[in-house]
Amino acid sequence: MVTDTEHMLAEKRAILSAILPHVPFYGWSEKSLRAAAADAGIEPALARLTFPGGLAGLIIFWCSEADRAMAAAYDEEGGNEMRLRERISFLVRARIGAVAAHREAVRRALTYLAQPGQSGRSLKCLYRTVDEMWYAAGDQATDYNFYTKRLTLAGIYCSTLVFWLDDSSQDDSETWAFLERRIDGVMDIPRRRESFRRAKDSFPNLKTFARLLSAQLRERGIG
């Protein structure tokens, strides 16, 4: 038996699937939505009611579907057997891969969500994506690291996504090389901090050093 929730989800997916081919030509617009409704055999008025948030709600639904596809790909690949760095790399690639067939629709979705009044939805979508990535990767942080990890990963994911939009290399090889460099840069930060800490620890205490120097100068009658 199909429940109302399952029926609603099926309608949402049907409309999403139908609208994506129209977006490169008409953008995320009422014209695209009407064309999608016709293709899916759904009344335009019902299609609008299916997404109370309007076209932005439809884009957010697409984001959530891509997040689900990413998590499913991760589980299928046995992501928990990977090292942390490999998990993050795989998840970013899988998330982009989930929308890769509709690059222009992604570009136009980013433009749509960049409009005044849409920033809240845009940030919510981004947060949910990186939170899903860390959840899949097994993150259990509850302190301030919970937020810093998500902020850092948001930077990696967003910059890689923007790079991918204009990548014309075979199999998006330049995008994945860019992703690895971004991860390298982030992974290197703790090592740099540790190197700085060790270097700092090798210096004498500056206050003690100043007192000793002052005492020596007084003994020599200087100062």
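What follows draws every value from the coordinates through simple rules; no lab data is involved. Note that the structure is predicted; figures quoted are calculated from it, not measured. Cβ: placed from backbone, ideal geometry, glycine included. Neighbour counts: every protein chain shown.
Values for this structure:
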quantity: Highest-first arrangement of 12-21, 110-119, where packing means the average Cβ count within 10 Å; calculated: 12-21, 110-119
quantity: Ordering of 122-128, 59-65, 139-145 by burial proxy (mean other Cβ atoms within 10 Å per residue, highest first); calculated: 59-65, 122-128, 139-145
quantity: Zero-based 10 Å bins, Cα pair distances in segment 1-50, whole percents; calculated: 30, 52, 16, 3
quantity: Relative contact order, percent, segment 1-50 [alpha-carbon distance under 8 Å, six or more residues apart]; calculated: 35 percent
quantity: 3J(HN,Hα) from dihedral phi, segment 87-104, Karplus parametrisation 6.51/-1.76/1.60, rounded to Hz, x for glycine, proline; calculated: 4, 5, 4, 5, 5, 5, 5, 5, 5, 5, x, 5, 10, 4, 6, 9, 4, 5
quantity: Student exercise, segment 1-50 dipole from Lys, Arg, Asp, Glu Cβ charges, in Debye to nearest 20; calculated: 200 debye
quantity: Relative contact order of segment 1-130, defined on C-alpha pairs under 8 angstrom at six or more residues apart (%); calculated: 26 percent
